[in-house]
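Participant: So that we are looking at the same thing, I have put the structure below in structure tokens.
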Amino acid sequence: MDKTYNEYIENAIKWAKGHLNSKEYCFICLAFVEDALERSNNIEIFGGDTAKESADLYEATMQTGIPPKGTFVFYDCFGVINREQKNWGHVGLSIGNGEVIHAWDQVRIDHYMEVEKLTTARGWEKPKLIGWVPLERIMHGFQRKVY
């Protein structure tokens, strides 16, 4: 690996902050955090199809407490997309000091516990913290993109 994990984290956070207030990622929070890591570092990671699937795959319940900078912070989040009701989950990228940057109605920064209090779309339940996953686990098996 050419970069340190800290370099991957800093690049991802910088990319994510460059998208603050964007509405481009509404309802696709997993795409947002994956794009932050992948696009800023020219890599590809492999997780689940939804934030909840990724939380389960990465065993997010193993880590609780204040998420360290650079971790993916996962939440249960039940709602309806394309007439399908299920736990789609929600995810944000920890930027340190207990804050996460995440795609909600727009890309925003919130304290990781305040995410549970956000106003939801009609038919959705409030998010509930599952836990966080270190970057080392997220990047297990990543590939460098070749152009």
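The values are calculated or read from the model by the stated rules, or taken from the named source; none is laboratory data. All figures in this text were calculated on a predicted structure; none of them were measured in a lab. Backbone-built Cβ (ideal geometry, glycine too); neighbour counts: all protein chains shown. Heavy atoms of the whole protein, side chains included, go into the accessibility calculation; ligands, DNA and RNA do not. Shrake-Rupley method; radii C 1.70, N 1.55, O 1.52, S 1.80 Å.
Participant: Answer with a single label: of (1) 20; (2) 29; (3) 61, which was calculated as percent of Cα pairs over 25 Å apart from the structure in view?
Facilitator: Checking each listed value against the structure points to (1).
Participant: How far apart, in nm, are two points set 7 Å out from the Cα along the Cα-to-Cβ line at ALA121 and at LYS17?
Facilitator: 2.9 nm
Participant: Separate question: Relative contact order of the stretch 78-144, please, whole-number percent, based on alpha carbon pairs below 8 angstrom and at least 6 residues apart.
Facilitator: Averaging sequence separation for qualifying contacts and normalising by length gives 23 percent for the stretch 78-144.
Participant: Could you state how much accessible area THR119 has, in square angstrom rounded to the nearest 10, with a 1.4 Å probe and all protein chains kept in place?
Facilitator: Here the residue's solvent-accessible area equals roughly 110 Å².
Participant: In terms of modelled amide H atoms, which long-range or inter-chain residues lie less than 5 Å from the amide H of GLN63?
Facilitator: HN-HN under 5 Å from GLN63: TRP132.
Participant: Below 8 Å between Cα atoms, with a sequence gap of 6+, how large is the relative contact order for the stretch 1-129 in percent? Don't jump to the answer; show the numbers that get you there.
Facilitator: On the way: 233 pairs, mean separation 34.3, N = 129.
In percent, rounded to a whole number, it is 27.
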